[in-house]
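The values are calculated or read from the model by the stated rules, or taken from the named source; none is laboratory data. Because the structure is a prediction, the values reported are computed rather than measured. Because the Cβ atoms are built from the backbone with ideal geometry, glycine has one as well, and the counts that use them run over all protein chains shown.
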Amino acid sequence: MTLLVTGSAGHLGEALMRTLRAAGRPARGLDRLPSPFTDQVGSICDAKFVAEAMAGVTGVIHTATLHKPHVATHARQAFVDVNVTGTLAVLEAAARAGVESFVMTSTTSAFGAALTPARGEPAAWITEDVQPVPRNIYGVTKTAAESLCELFCRAYGLPVIVLRTSRFFPEADDDPEVSGGFALENVQANELTYRRVDIEDVVAAHPDALEHAPRVGFARYIISATTPFSHGDLAELRADAPAVLRRLFPQSGPLFAALRWRMFQSLDRVYVNERARAELGWRPKYDFAHVLACLARGEDFRSELAKAVGSKGYHRS
């Protein structure tokens with residue numbers, strides 16, 4: 001299977017290309033920016049360019065997108081152009097080429113306002129059944145792109161799986177109250193309990209989705225680290241998350257104290273990856289238990305792939 005990876009110069013695109021090449025899988029990287037992992041330079045908004053890049057392709061991994069940080073630097077029209085029109089161009093070319101499997105990388109940010117419960121309410125238990133309430137142009141365009149994927153499956157028989165990934169990028173948190181009071185590594189360790197995933201696990205989910213797409217037809221899956229929390233923990237997580245962590249992981253106290261780390265006082269949501277594990281056979285490795293095991297050994301809890309890809313920032317034009 002020859003794979004086309006859009007967005008090959010980005011965090012996830014590079015990670016996918018690195019992994020596919022290392023495994024000896026034929027893969028073609030496409031991006032508007034040149035990089036060691038980009039074979040064809042051009043825009044997904046250019047339908048002719050995309051159609052030419054699709055020649056001989058049997059599977060597509062569509063990661064190219066404007067991201068949430070671009071809301072501060074790009075016009076709303078740019079989000080429509082890239083995330084909606086660009087996705088349409090990739091879908092149309094894939095359908096015409098008879099592509100066997102199509103995977104679109106989306107985001108848990110698509111849930112938007114559904115992620116934040118009312119004051120005094122328990123933390124939200126976020127599964128694929130939660131209805132998105134987009135809060136910005138990024139969320140609007142990603143949900144629109146997802147709907148296009150569903151349309152192409154229903155109307156043209158293109159097998160498509162949408163992976164809604166939680167945060168995996170290495171930049172500092174976008175919440176000043178969090179980034180200002182916690183070390184970055186502390187933030188990311190905490191988030192692996194409820195809203196983060198290591199990029200190696202994200203990469204692993206894509207071949208699983210490609211394999212199962214012809215059987216599934218169309219579906220959306222949450223891709224996030226396996227949470228240690230249960231539905232019964234939600235009220236306490238909103239009121240006193242450190243108490244839940246101490247109860248479930250007594251060893252976390254001394255390990256965190258040695259680094260002067262602490263858990264967030266309150267969590268507002270928990271992402272649930274059960275459906276992706278059950279239906280796609282996805283087996284994420286990087287969870288909070290892994291973090292604690294690494295801390296006990298004095299090791300970095302990030303994957304080697306995360307360290308290799310590093311921090312890229314986001315282009316401003």
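See the values below:
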{"item": "Failed condition for VAL244, given (1) without any contact (Cβ under 8 Å) to a residue 40 or more places away in the chain; (2) within 25 Å of LEU12 (Cβ to Cβ); (3) part of a helix (DSSP H, G or I); (4) not small (Gly, Ala, Ser)", "result": "(2)"}
{"item": "Test result for GLY313, among the small types (Gly, Ala, Ser), more than 19 Å from ARG196 (Cα to Cα) and either in contact with a helix residue (DSSP H, G or I) (Cβ under 9 Å, 6 or more places away or on another chain) or at pLDDT 95 or above (or both)", "result": "no"}
{"item": "Qualifying positions in region 13-32 - crowded, with 23+ Cβ neighbours inside 10 Å, touching a strand residue (DSSP E or B) at 6+ places or on another chain (Cβ under 6 Å), under 19 Å from LEU305 (Cα atoms) and not small (Gly, Ala, Ser)", "result": "LEU16, MET17"}
{"item": "Any chance ASP46 is crowded, with 16+ Cβ neighbours inside 10 Å, of a type outside the set (Lys, Arg) and touching a residue at least 24 places away in the same chain (Cβ under 8 Å)", "result": "no"}
{"item": "Residue in region 29-38 that is in contact with a Pro (Cβ under 6 Å, 6 or more places away or on another chain), modelled with pLDDT of 95 or more and not polar (S, T, N, Q) present", "result": "no"}
{"item": "From the options HIS74, HIS62, HIS67, residue that is out of contact with any helix residue (DSSP H, G or I) (no Cβ under 8 Å at 6 or more places or on another chain) and within 18 Å of SER109 (Cα to Cα)", "result": "HIS74"}
{"item": "Long-range neighbours under 8 Å by Cβ, at least six apart or interchain, first residue over 13 Å from VAL133 (Cα atoms) within region 100-115, second of a type in the set (Asp, Glu) and surrounded by fewer than 24 Cβ atoms within 10 Å (Cβ to Cβ)", "result": "SER101/GLU211; MET104/GLU146; SER106/GLU146"}
{"item": "Residue ranges of strands (runs of 3 or more DSSP E) in region 49-157 with at least 3 members of a type in the set (S, T, N, Q) and within 24 Å of LEU33 (Cβ to Cβ)", "result": "101-107"}
{"item": "Total residues in region 139-161, condition polar (S, T, N, Q) and without any contact (Cβ under 8 Å) to a residue 60 or more places away in the chain", "result": "2"}
{"item": "Selection within region 128-140 - among the polar types (S, T, N, Q) and at pLDDT 95 or above", "result": "GLN131"}
{"item": "Among the candidates THR107, THR87, THR63, THR58, residue that is of a type in the set (Ser, Thr, Tyr) and either at pLDDT below 95 or touching a Phe, Trp or Tyr at 6+ places or on another chain (Cβ under 9 Å) (or both)", "result": "THR107"}
{"item": "Scan of region 110-145 for residues that are on the phi > 0 side of the Ramachandran plot and under 18 Å from the mean Cα position of the chain (by Cα), ordered by number", "result": "GLY112"}
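Yes or no, residue by residue, for (1) at pLDDT 95 or above; (2) under 15 Å from LYS285 (Cα atoms); (3) crowded, with 16+ Cβ neighbours inside 10 Å:
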{"site": "PHE169", "(1), (2), (3)": "no, no, yes"}
{"site": "PRO176", "(1), (2), (3)": "no, no, no"}
{"site": "GLY181", "(1), (2), (3)": "no, no, no"}
{"site": "ASP198", "(1), (2), (3)": "yes, yes, yes"}
{"site": "GLY217", "(1), (2), (3)": "yes, no, no"}
{"site": "THR227", "(1), (2), (3)": "yes, yes, yes"}
{"site": "SER230", "(1), (2), (3)": "yes, no, no"}
{"site": "LEU245", "(1), (2), (3)": "yes, no, yes"}
